[in-house]
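First the structure, in the form of structure tokens, and then the observations on it.
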Amino acid sequence: MEHYNWNEIEKNWQKYWAENKIYHVEEDPEKEKYYVLDMFPYPSGAGLHVGHPLGYIASDIYARYKRLKGFNVLHPMGYDSFGLPAEQYAIQTGQHPAVTTEKNIARYRQQLDKIGFSFDWDREVRTSDPKYYKWTQWIFLQLYKKGLAYEAEVPVNWCPELKAVLANEEVIDGKSDIGGHPVFRVPMKQWMLKITDYAESLLSGLDDLDWPNSVKELQKNWIGKSTGAIIKFNINDFNESLDVFTTRHDTIFGATYIVLAPEHPLVEKITDNSRKDIVNEYIKNASKKSDLDRTELNKDKTGEFLGQYAINPVNEELIPIWISDYVIMSYGTGAIMAVPGQDERDYDFAEKYKLPVIRTVQPPKHFEGGAYTGSGKIINSDFLNGLSIDAAKNKILKWLVNNKHGNKKTQYKLRDWLFSRQRYWGEPI
């Protein structure tokens with residue numbers, strides 16, 4: 001062949017593949033099954049971008065390899081055609097999302113065919129098709145009937161301009177990744193899925209997976225199992241109390257202040273009138289930050305005193321109550337007892353705001369620095385003095401339980417999944 005006439009040759013083969021459905025697959029009990037699934041593209045633009053074939057070519061090669069090895073390969077394609085990107089594209093073009101989505105899908109299909117992927121198009125999926133999303137609704141109903149779907153008021157990323165709740169991945173530096181609009185953390189009633197009920201089975205299931213240990217460790221850290229104690233602190237001059245979760249209950253004698261998340265429901269109730277304006281301003285500024293921004297270890301610690309005090313249950317000393325955005329409402333109880341002698345974040349905060357530092361673990365002789373996070377004998381802790389950390393944890397936990405000030409608690413970083421979105425173009429619940 002002197003000259004490769006791509007226009008003529010490729011159209012011919014594309015037509016042959018389509019008319020003969022050579023990648024259509026039927027059930028075949030004689031062959032071993034294999035499933036190759038790509039992430040469906042969002043049809044939110046006028047065509048594919050270079051990242052689409054980058055991933056699809058690799059999976060298509062693997063699908064073809066498996067066919068040649070004798071497997072009965074199911075390799076479908078579809079479109080994640082609901083959601084904010086499609087909705088915003090429709091707004092930009094002044095057309096209904098059903099119209100723009102249909103046009104974009106037709107263009108995407110044309111481009112995918114030209115590339116020559118071995119998809120079984122008889123099994124095409126569109127998430128905006130009622131024939132498809134009736135099954136997502138059916139699944140939701142089964143979860144609801146089993147008590148695994150529930151409504152709760154939770155902090156969410158709310159974009160007033162887009163009039164939508166955004167996932168953390170859709171917020172960059174306090175702005176929406178679509179349009180760059182301001183995003184705020186506000187409480188809203190949402191539908192949640194109770195994945196925390198499966199935390200232990202998710203952990204134990206990792207033992208059966210043939211995955212690299214590094215990936216398993218990432219999963220374990222994501223689930224984030226911690227065993228510690230819930231401790232109740234009464235609030236001075238109020239008929240209120242607050243609970244904190246800690247894995248270092250042995251350090252309770254070194255708790256010199258309490259920190260609440262800005263979203264904690266007690267903040268509004270107990271803030272002294274003289275502090276309300278400055279505290280509300282702090283809450284407003286904190287609402288512009290993502291959880292990731294707020295928990296960045298190297299960031300400058302900020303906070304405000306509420307003008308109220310909690311009572312340390314072990315010695316009845318009054319300790320000030322602050323708010324700070326480094327405490328997250330969705331982890332633990334949204335409140336911490338701060339022990340600057342043994343925690344680096346607490347130490348940085350205490351140093352900045354001139355709060356007391358009490359060591360409860362004896363550091364090595366030549367230790368220099370602020371918070372000591374290593375092992376040692378307990379000090380400055382009354383009836384715990386001289387014990388190891390583990391022995392002190394056991395003894396103080398018994399004391400807390402016997403005196404009705406606390407209980408043993410297992411906590412997870414894993415959170416229930418926020419399922420709903422305030423959005424027009426999406427599966428109705």
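Give the residue that is modelled with the lowest pLDDT, with candidates limited to residues of segment 45-102 that are β-branched (V, I, T) and assigned to a helix (DSSP H, G or I). Looking at the filtered set, the residue picked out is I91. Whenever a residue of segment 279-297 is over 14 Å from V327 (Cα atoms), its partners that are of a type in the set (V, I, T), lying with C-beta atoms within less than 6 angstrom and at least six residues away or across chains, give the pairs V279/T271. Scanning segment 123-159 for residues that are assigned to a loop (DSSP other than H, G, I, E, B) and at negative phi, which turns out surrounded by the most Cβ atoms within 10 Å (Cβ to Cβ)? Among those that are assigned to a loop (DSSP other than H, G, I, E, B) and at negative phi, it is S128.
Taking only segment 293-333 into account, find how many residues are touching a strand residue (DSSP E or B) at 6+ places or on another chain (Cβ under 7 Å) and farther than 24 Å from D416 by Cα. Steps first, answer last, please.
Our first condition is that a residue be touching a strand residue (DSSP E or B) at 6+ places or on another chain (Cβ under 7 Å); within segment 293-333, this holds for 303-306, 308-313, 318-324, 327, 329-330, 332-333.
With farther than 24 Å from D416 by Cα added as a condition, the list becomes 303-306, 308-313, 318-323.
Count: 16.
On the basis of being modelled with pLDDT of 95 or more, under 26 Å from E102 (Cβ atoms), in contact with a Pro (Cβ under 9 Å, 6 or more places away or on another chain) and in the same structural domain as K114 (by the TED database), does L37 make the cut?
Numbers: modelled with pLDDT of 95 or more: yes; under 26 Å from E102 (Cβ atoms): yes; in contact with a Pro (Cβ under 9 Å, 6 or more places away or on another chain): yes; in the same structural domain as K114 (by the TED database): yes.
Judged against the criteria, L37 is a match.
Looking at G78, G116, G55, which is the one that is farther than 25 Å from C159 by Cα, in the same structural domain as K11 (by the TED database) and touching a strand residue (DSSP E or B) at 6+ places or on another chain (Cβ under 6 Å)? Steps first, answer last, please.
Working: G116 fails: touching a strand residue (DSSP E or B) at 6+ places or on another chain (Cβ under 6 Å); G55 fails: touching a strand residue (DSSP E or B) at 6+ places or on another chain (Cβ under 6 Å).
Testing whether each residue is farther than 25 Å from C159 by Cα, in the same structural domain as K11 (by the TED database) and touching a strand residue (DSSP E or B) at 6+ places or on another chain (Cβ under 6 Å) leaves just G78.
Take the residues of segment 23-49 that are farther than 30 Å from Q92 by Cα and in contact (Cβ under 8 Å) with a residue 60 or more places away in the chain: which is surrounded by the fewest Cβ atoms within 10 Å (Cβ to Cβ)? Checked segment 23-49; the qualifying residue surrounded by the fewest Cβ atoms within 10 Å (Cβ to Cβ) is H24.
Restricting attention to segment 60-81, and to residues there that are within 28 Å of the chain's Cα centre (by Cα) and not acidic (D, E), which single residue is surrounded by the most Cβ atoms within 10 Å (Cβ to Cβ)? Give the derivation first.
Step one: filter segment 60-81 for residues within 28 Å of the chain's Cα centre (by Cα), giving 77-81.
Next, only the ones that are not acidic (D, E) stay: 77-79, 81.
Details: M77: 21, G78: 20, Y79: 22, S81: 27.
Here the answer is S81.
Among the residues of segment 361-384, the ones that are surrounded by 15 or more Cβ atoms within 10 Å (Cβ to Cβ) and among the aromatic types (F, W, Y) come to 1 in all.
The values are calculated or read from the model by the stated rules, or taken from the named source; none is laboratory data. Please read all numbers here as calculations on a predicted model, not as lab measurements. Cβ coordinates were reconstructed from backbone atoms using ideal geometry, including for glycine residues, and neighbour counts include every protein chain displayed.
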